[in-house]
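The structure appears below as structure tokens.
The values are calculated or read from the model by the stated rules, or taken from the named source; none is laboratory data. Since the model is a prediction, treat every value here as computed from it, not as a measurement. Cβ placement follows ideal geometry from the backbone for every residue including glycine, while neighbour counts extend to all protein chains displayed. We work out accessible area using only protein heavy atoms, side chains counted, and drop any ligands, DNA or RNA first. Shrake-Rupley method; radii C 1.70, N 1.55, O 1.52, S 1.80 Å.
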Amino acid sequence: MYKRIVVKLGTSVLTGGGRNLDHPRMVELVRQCAELYHQNHDIILCTSGAIAVGRARLNFPELPPTIASKQLLAAVGQSRLMLTWERFFEIYGIHVGQILLTRADVENRQRFLNARDAFSALLDHRIVPVVNENDALATEEIKVGDNDNLSALVATLVNADLLILLTDQSGLFTADPRTNPDAQLIAEVRHIDETLRAQAGGSVSGLGVGGMTTKVQAANIARRAGTDVVITSGREPNVINRVVAGEALGTRFPALETRLESRKSWILAGPKPAGRLLIDAGAARALCEKGRSLLPAGIVHVEGEFLRGDTVMIMNLERHELARGLTAYASSDMRQIAGRQSELIAERLGYTYGPAAVHRNDMILLND
Ligand code: GLU
């Protein structure tokens, strides 16, 4: 079952190919999301359209083709776009929360954890995150640049089970279906090779940034992180629910490995551990036998200097490494909270990143 689903809506889907948002279509997509939401799925929406909406809102001004013009259009359009989503989700009694990201927010480990915590907070409270790139502030160097790749990063951040990329075409074809009548829909992709990349190469859709190339890139990122990916048409009736139900619509990229395996390789392949947490026997049992998070109370010694998000080794008092994970607290903080109850973290530090020193989702046990 797909519990956690990222739905990416391209500009061409939201505008129906025109210059303005297609409100009836947006409501219909929200209706489908709401149905899944009320069946207890977690929905994360990745929306394009800020620049297109800004342009329409300002009545299609003549602007120089500069980054500053795009920033201006995005700043005007994003708030309007968000307001529109909010109004439509409200019909179904669902709250939304805006998250604007850039590449810099996911590349740095500390910021990665911060971004992930923001998503968790929203999802824990059953609020639908509505995500876009922070186009008003993102410079070329820190930009993801297209929402296909952005949605794949989001899928990785939230550990999504499924990423649906909705576009104006029914999926990935062996050639461009608009110019080649022999083009065949590719129903499933297990290997992304040069032929496939070339097949994806030709097509670009209307106002949006991405074409099939960026969709294939995105699919490749997400499937490696353990997320199934489907590229299909936003025009297909009831498309989101049907894809979630497993119907063969569009092009499906099955996940390459389980999310657990992917997280393990990610932690193990990451930077060298920057520090060591030595833990008592009770904490060792909680980790190894019960699969729990490591709480500060079980930490006896903190060794090394590290930042929040760095990789640390978790050892028993005999210095045998039991687990490895991403620390929620920097070493200076960890020294202050080690051996103490989690309820006292906020009092001690003046803030808290939650009760766990290393959350079990960020940890791999080394003896299993
Ligand atoms: N972030 C851009 C926008 O909202 C869209 C990027 C894309 O279409 O991939 O206008």
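For this structure, a couple of remarks:
Every residue, every condition in (1) in contact (Cβ under 8 Å) with a residue 60 or more places away in the chain; (2) in contact with a helix residue (DSSP H, G or I) (Cβ under 7 Å, 6 or more places away or on another chain); (3) among the basic types (Lys, Arg), yes or no:
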{"residue": "ILE5", "(1), (2), (3)": "yes, yes, no"}
{"residue": "GLU28", "(1), (2), (3)": "no, no, no"}
{"residue": "GLN39", "(1), (2), (3)": "no, no, no"}
{"residue": "ILE51", "(1), (2), (3)": "yes, yes, no"}
{"residue": "LEU58", "(1), (2), (3)": "no, yes, no"}
{"residue": "PRO61", "(1), (2), (3)": "no, no, no"}
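- Residues in the range 69-84 that are surrounded by fewer than 21 Cβ atoms within 10 Å (Cβ to Cβ) and closer than 30 Å to HIS38 by Cα were compared, and the one that is farthest from the ligand (Cβ to nearest atom) is LEU83.
So that you can scan it fast, the table gives a plain yes or no per residue for (1) more than 25 Å from the chain's Cα centre (by Cα); (2) in a loop (DSSP other than H, G, I, E, B); (3) farther than 28 Å from SER262 by Cβ:
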position: VAL302; (1), (2), (3): yes, no, yes
position: PHE306; (1), (2), (3): yes, yes, no
position: GLU318; (1), (2), (3): yes, yes, yes
position: GLY325; (1), (2), (3): no, no, no
position: GLY339; (1), (2), (3): yes, yes, yes
position: LEU344; (1), (2), (3): yes, no, yes
position: THR352; (1), (2), (3): no, yes, yes
position: PRO355; (1), (2), (3): no, yes, no
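- Residues being open to solvent by 30 Å² or more (accessible area, probe 1.4 Å) and farther than 30 Å from ASP161 by Cβ - total across the range 263-306: 12
- Some residue of the range 17-40 being over 16 Å from PRO129 (Cα atoms) and of a type in the set (Gly, Ala, Ser): yes
- Flag if GLU90 is more than 16 Å from the ligand (Cβ to nearest atom), more than 30 Å from TYR2 (Cβ to Cβ) and at pLDDT 95 or above: no
- Among helices (runs of 4 or more DSSP H) entirely within the range 1-58, having at least 2 residues that are acidic (Asp, Glu) singles out 23-38.
- Residues located in the range 43-68, provided they are under 30 Å from THR156 (Cα atoms) and either crowded, with 16+ Cβ neighbours inside 10 Å or modelled with pLDDT of 95 or more (or both): ILE43, ILE44, LEU45, CYS46, THR47, SER48, GLY49, ALA50, ILE51, ALA52, VAL53, GLY54
- Some residue of the range 330-353 being among the β-branched types (Val, Ile, Thr) and open to solvent by 70 Å² or more (accessible area, probe 1.4 Å): yes
- Residue within the range 202-218 that is without any contact (Cβ under 8 Å) to a residue 24 or more places away in the chain, within 16 Å of the ligand (Cβ to nearest atom) and among the aliphatic types (A, V, I, L, M) present: yes
- Residues of the range 91-117 satisfying the condition of being open to solvent by less than 40 Å² (accessible area, probe 1.4 Å) and closer than 20 Å to ARG308 by Cβ: ILE99, LEU101, THR102, ALA104, ASP105, VAL106, PHE112, LEU113, ALA115
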